[in-house]
Number of protein chains: 2
Amino acid sequence: MTEKSKKTSIYDIAKALGISASTVSRALQNHTSISDSRKELIREKAKELNYRPNLVAVNLKTGKTRTIGVLVPNINRFFFSSVIEGVEDEAYRRNYDVLICQSKDNKDREEKILSNLSQGKVDGIIASVAYPDNNLSMYEELVDMEIPLVFFDRASVDAIQVGSVRVDDYKGGYSAVKHLLLQGNKKIFHFSGPLEVTVWRNRYRGWRDALEDEGIEIQDHWVQTESTDKESGRKMMRAILERGDLPDAIFCAGDYAALGVIQELRENGLRVPEDIAIVGFANEPIDEMVRPTISSICQSSFRMGSLAAKMLFDNLETKEAMVNITIAPELKVRESSFFDRRVKK
Amino acid sequence: MTEKSKKTSIYDIAKALGISASTVSRALQNHTSISDSRKELIREKAKELNYRPNLVAVNLKTGKTRTIGVLVPNINRFFFSSVIEGVEDEAYRRNYDVLICQSKDNKDREEKILSNLSQGKVDGIIASVAYPDNNLSMYEELVDMEIPLVFFDRASVDAIQVGSVRVDDYKGGYSAVKHLLLQGNKKIFHFSGPLEVTVWRNRYRGWRDALEDEGIEIQDHWVQTESTDKESGRKMMRAILERGDLPDAIFCAGDYAALGVIQELRENGLRVPEDIAIVGFANEPIDEMVRPTISSICQSSFRMGSLAAKMLFDNLETKEAMVNITIAPELKVRESSFFDRRVKK
DNA sequence: TCACTTTACGCAACCGATTAACAAAATAAC
DNA sequence: GTTATTTTGTTAATCGGTTGCGTAAAGTGA
């Protein structure tokens, strides 16, 4: 029994045929300088020996890996896994592989991953930076190393010279509130996460401006910035309920917060949307799973991923310039905000 | 301006220091046969020149990539993304990278991906086979090529000589029904997908045996095998409602089906669990998001992933033998089945 | 001072491909 | 029949590391 039946290389084929390895290499690439008869012979032998090119050797020689890295905070969240799906879709079409890494929103982990990726494993990187998203020095290093880079979702793009794809959070917030205003809601609260984080801040600004454009005066307690998970949603709602000053509607910067709010309201005998209308953000699948279904701002995550991938591949293959793409968010009106307050007081 | 500031290699360091490249290589590996003074010198120079080892070259030389491939039907489903998280967690700990691919449950795509992965890009593979899961010849090829392989979730393990991690679907089904029986339910229906598929069949068998062990006679219409998405759940429930022969409880082979069933029941004025108790399968996050919360069988997906990864890494590093692991499923009792039918008739 | 071990480092082969440059054979041109 | 041209292959360098083997220098003991 052979101890180790080494994988066959072009040298094995060459030896078996009594020719040189370079001829084999060229024949397998369908090079013009090899006669058809030889090509046929070589291809047959290759099949016979079950030859598989060693991609690592090819990568080393060509300096390309046909692999891109995708760095996300967490693969487990619908938004990110959808983006990845978009990336993967485009990558599969173009015959690239996708190396996926999770930063877990941990800067140390992010740094380690980026350092690893920058050692020649990938041709380019698509990333959503870990919170807090202020320190981008690691990414600047990548740029110095001339590794093509595309950000999506998070990241303050102006900082460094790379591509980006993001949804317009400001516009998303603005249009969510505009929709609520058009339904006759005046007193519209906003539940979000810490406003230092870019996405929360932008959604907040959209909310604020929409109200101010309508001449509505905002009070401090209208904004709650606990966090955007379900439990925080309940907590923020509870705080408002205890205070006793109820709004017409609430614009939540995340769908899970919206869900928590709705549950808290229902347990307190309040109806959604009749008593209080709700709009969330992200268009998570649960929005259509629960009752009432939740109105939300769609971030087109799949499209975001495929656009980011397209940009990266174009840059890799034809040196096309990176750009900053902003996707217009789309409002999905569902039951939680479908109620005209001007009719039924 | 330098046209292309080539990345620095160990040769650049060697040249700058007037020593040989092998010394540099050894110093950077902290080899014992290099004096500390030299090591220090070399490390400093490396830092100065911003040296990064070229992993592709290392891979070629060592024959290892420190990368494993994970093949799943779809990254976007919670179960799979959780498994991947488990894999990734273990991989990160051991300094491996994870290459993720989606078969989209398409056999052609699966074949192309496996062929690609087998060309030296990864050291081993973790996979959940695409439906229909009968043809495993592609995987047999991997075994021939001596690429370590671990299946999870799907795949008929007996077929070929590889590792596997799976939840015991039979036991899961059995214990779900047992729980319903203990609560006084007798007439327990089963909603699932096509029984040719291994997982559905096993859950079905668990349901059937649990009832038979109790001496309950099953009737044909007690089993519906439309599919396990929400809409199918509603559809199957509607069929039963129209027929008029209502059960005490329903064991659904999937949580989304369970959700659809619950919504359909509520819209028809029936209460869950008071009128009909429901148990789902998979322990999806929505189970705790909706009201009533849904009882479900937990598949421990994260653990499944980390176990699969652990097995693969152990095999890669110490040639440890592959094994077949079966995880005992855990029943999570929530509101949808928390009701004792023996008390309140 | 001589023989012997250690320590520290260099030489060169190797991993498996690609490809520039060159050479031999076959064909065409005169 | 000799030269020019095309066709078809070969040789060898290269990508950027790793590592077995050899050896000079330094250290040790008698």
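Of everything in region A:103-142 that's of a type in the set (V, I, T) and within 14 Å of chain B (Cβ to nearest Cβ), which residue is nearest to A:L195 (Cα to Cα)?
Kept after step one, since they are of a type in the set (V, I, T), are these residues of region A:103-142: A:113, A:122, A:125-126, A:129.
Now restrict to residues that are within 14 Å of chain B (Cβ to nearest Cβ): A:113, A:122, A:125-126.
Values: A:I113: 27, A:V122: 34, A:I125: 28, A:I126: 25 Å.
Here the answer is A:I126.
When residues of region B:239-264 are filtered for being assigned to a helix (DSSP H, G or I) and under 32 Å from the mean Cα position of the chain (by Cα), how many remain?
Of the residues in that region, 10 qualify.
Any residue at all in region A:234-248 that's touching a residue at least 60 places away in the same chain (Cβ under 8 Å) and in the same structural domain as A:V197 (by TED's automatic domain parsing)? Give the derivation first.
Let us first name the residues in region A:234-248 that are touching a residue at least 60 places away in the same chain (Cβ under 8 Å), namely A:247-248.
Subset that is in the same structural domain as A:V197 (by TED's automatic domain parsing): A:247-248.
Yes, region A:234-248 contains at least one residue that is touching a residue at least 60 places away in the same chain (Cβ under 8 Å) and in the same structural domain as A:V197 (by TED's automatic domain parsing).
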Inset, instruction - Determine which single condition B:H31 fails, assuming it passes every other condition in (1) assigned to a loop (DSSP other than H, G, I, E, B); (2) touching a Cys at 6+ places or on another chain (Cβ under 9 Å). - result: (2)
Legend entry - Count of residues meeting criterion [part of a loop (DSSP other than H, G, I, E, B), within 13 Å of another protein chain (Cβ to nearest Cβ), at pLDDT 95 or above and crowded, with 22+ Cβ neighbours inside 10 Å] in region B:273-294: 1
Inset, instruction - Could you check, for region A:10-31, whether at least one of its residues is facing another protein chain (nearest Cβ under 9 Å) and either within 15 Å of DNA strand D (Cβ to nearest atom) or surrounded by fewer than 19 Cβ atoms within 10 Å (Cβ to Cβ) (or both)? - result: no
Inset, instruction - Scan region A:96-121 for residues that are charged (D, E, K, R) and within 20 Å of A:L60 (Cβ to Cβ) and jot them down. - result: A:D97, A:K121
Legend entry - Boolean, A:T67 is over 30 Å from A:Q299 (Cα atoms) and either away from DNA strand C (no atom under 16 Å from the Cβ) or among the β-branched types (V, I, T) (or both): no
Inset, instruction - Evaluate region A:81-91: report whether one residue or more is within 16 Å of DNA strand D (Cβ to nearest atom), crowded, with 19+ Cβ neighbours inside 10 Å and of a type outside the set (S, T, N, Q). - result: no
Legend entry - Only listed residue being at pLDDT below 90 and in contact with a Phe, Trp or Tyr (Cβ under 7 Å, 6 or more places away or on another chain), chosen from B:T2, B:T32, B:T8: B:T8
Inset, instruction - Hey, can you tell me all the residues within region A:295-305 that are more than 13 Å from every other protein chain (Cβ to nearest Cβ) and buried (at least 22 other Cβ atoms within 10 Å of the Cβ)? - result: A:S295, A:S296, A:I297, A:Q299, A:M304
Legend entry - Residue check, A:N76 more than 16 Å from DNA strand C (Cβ to nearest atom) and over 24 Å from B:V58 (Cβ atoms): yes
Inset, instruction - Output the number of the condition that A:S156 fails; it satisfies all remaining conditions of (1) over 29 Å from A:D97 (Cβ atoms); (2) at pLDDT 90 or above. - result: (2)
Inset, instruction - Could you tell me whether B:R234 is closer than 30 Å to B:I125 by Cα and either more than 27 Å from the chain's Cα centre (by Cα) or not small (G, A, S) (or both)? - result: no
Inset, instruction - Return the only residue of B:I68, B:I34 being of a type outside the set (F, W, Y) and within 12 Å of DNA strand D (Cβ to nearest atom). - result: B:I34
Legend entry - Unique match (being surrounded by fewer than 16 Cβ atoms within 10 Å (Cβ to Cβ) and facing chain B (nearest Cβ under 10 Å)) among A:N95, A:N54: A:N95
Inset, instruction - Collect the residues in region A:38-57 that are assigned to a helix (DSSP H, G or I) and within 12 Å of DNA strand C (Cβ to nearest atom), keeping them in residue-number order. - result: A:I42, A:A46, A:L55, A:V56, A:A57
Inset, instruction - Please verify whether region B:195-218 includes one or more residues that are part of a loop (DSSP other than H, G, I, E, B), crowded, with 21+ Cβ neighbours inside 10 Å and either at pLDDT 95 or above or not aliphatic (A, V, I, L, M) (or both). - result: no
Inset, instruction - Would you check which residues across region B:46-65 are polar (S, T, N, Q), touching a residue at least 40 places away in the same chain (Cβ under 8 Å) and within 8 Å of DNA strand D (Cβ to nearest atom) and list them? - result: B:N54
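The values are calculated or read from the model by the stated rules, or taken from the named source; none is laboratory data. As the structure is a prediction and not an experimental result, all values here were calculated from the model. Cβ: placed from backbone, ideal geometry, glycine included. Neighbour counts: every protein chain shown.
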